[in-house]
């Protein structure tokens, strides 16, 4: 069997740092692959007017699997200001390359596991009976529809006449905004399609069945956003009744879920939501397991393309530290999700056990695990560097 080829996308800021650490762990674990680099990110926007060059698209299309670090995105005006002088005024418009990847390859299923590690000092705790301290086990998997909703990019400021006239056909728009001058309007659309909504729901239910989760929770707002959230809830009920009657179906509003996740997080298993609410819910649950330093994700298309990435950002202020202090675990966990996808579950299990052992032992902790502010001097104050944390995980593997 020939070696697999993985496209590595370092991106911006700390993306290259954590990606490099994950590759060290993969090598130490015995995973055998070839890696090809793909250009993506702010550097290529500034130099080429395109943060997602066609050559990178071609690499992903060819090899189908990518490990991705992190992206820096800035508002349109700032992006234009940083464009190379020779490209200024030539019609280049910045858009997030990771959003572009999702839409270009139809990476419509995003999976974000949030599982707590025993001994992590950042785990969520609450007061139990008799004023005791209770630390519930969090084991939640967020299924986020990844290409539609408010992230679809269908929006306008000072909308053109045909768009404005279309909105004027809706009674609610006329009543609430009909007298607002068109040049004062900014409109973003929230789009759900039946096909994509069915696909994310099926993926959530199938995951729950495969891994023994007892419930699937639709986390939307169907009582107010009746057409889009309402579509997801309606289809979820149909799917559960016809195909997964043994799995309990729950319905929570996104605002209420933000309260309940700190009251009874252990009662949730698989959560499914549209793009925006899925993004919110996954970050919120990540906070219960230690924050974005522990939050991994995977994105899948229907035709076999998969991209694996931590959910944290590029944190550019940390990228230039002489000794890197960022937590590499989210990136390493994302690599484990890639291994699962490639049916290398024994290797991924070994890596996760190594991570768990290091965390439970508690001798090696990054600055976030020690609840320090992210400054260079944390190393002198006992925090592990990025590479030291990776070394500890590799040592446990061996």
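Every read-out reported here was derived from the displayed coordinates using simple, explicitly stated rules and does not represent laboratory data. The structure presented is a predicted model; accordingly, all values stated were derived computationally and were not measured. Cβ: placed from backbone, ideal geometry, glycine included. Neighbour counts: every protein chain shown.
Before moving on, here are some points about what is shown:
- Three-way shape label, the chain, alpha-carbon gyration tensor, a/c 1.5: oblate
- Kirkwood hydrodynamic radius (C-alpha pairs) into Stokes-Einstein, the range 259-398, 25 °C and 0.890 mPa s, D in µm²/s: 149
- Considering only the chain, percent of DSSP beta bridges that pair antiparallel, nearest 5: 45
- Rounded if a/c under 1.5, otherwise prolate or oblate - the range 1-134, Cα gyration tensor axes: oblate
- Residue ranges 233-245, 155-167 sort as 233-245, 155-167 when ordered by packing (mean number of other C-beta atoms within 10 Å per residue, highest first).
- Relative to the current alpha-carbon distance between residue 86 and residue 171, full extension at 0.36 nm per residue lengthens the span by 25.8 nm.
- Full-stretch length increase - residue 95, residue 377 - with 0.36 nm per residue and alpha-carbon distance subtracted: 98.0 nm
- Candidates 99, 307, 326: whichever shows maximal mean-square fluctuation once the chain is modelled as a Gaussian network with Cα springs under 10 Å: 99
- Distance between the modelled labels on residue 76 and residue 127, one decimal in nanometres: 5.0 nm (7 Å Cα→Cβ projection).
- Taking 0.36 nm per residue of separation and subtracting the Cα-Cα distance, full extension of the segment from residue 303 to residue 156 would add 49.8 nm.
- The shape of the range 1-43 comes out oblate: with a ≥ b ≥ c from the C-alpha gyration tensor, a/c is at least 1.5 while a/b does not beat b/c.
- Comparing 310, 328, 53 in a Gaussian network model of the chain, where Cα atoms under 10 Å apart are tied by springs, the biggest mean-square fluctuation is seen for 53.
- Judged by the mean number of other Cβ atoms found within 10 Å, the most tightly packed of the peptides 55-67, 71-83 leads the ranking 55-67, 71-83.
- Orientation-averaged projection of the range 155-199 equals 3.8 nm² [convex hull of Cα atoms, one quarter of hull surface area].
- Residue of 230, 38, 69 that the Gaussian network model of the chain assigns the largest fluctuation, springs spanning Cα pairs under 10 Å: 230
- Pairwise label distance in nanometres, residue 134 with residue 198, each label 7 Å out on the Cα-Cβ vector: 4.2
- The alpha carbon centroids of the range 254-324 and the range 42-66 are separated by 24 Å.
- Normalising the average separation of contacting C-alpha pairs (under 8 angstrom, six or more residues apart) by the number of residues puts the relative contact order of the chain at 22 percent.
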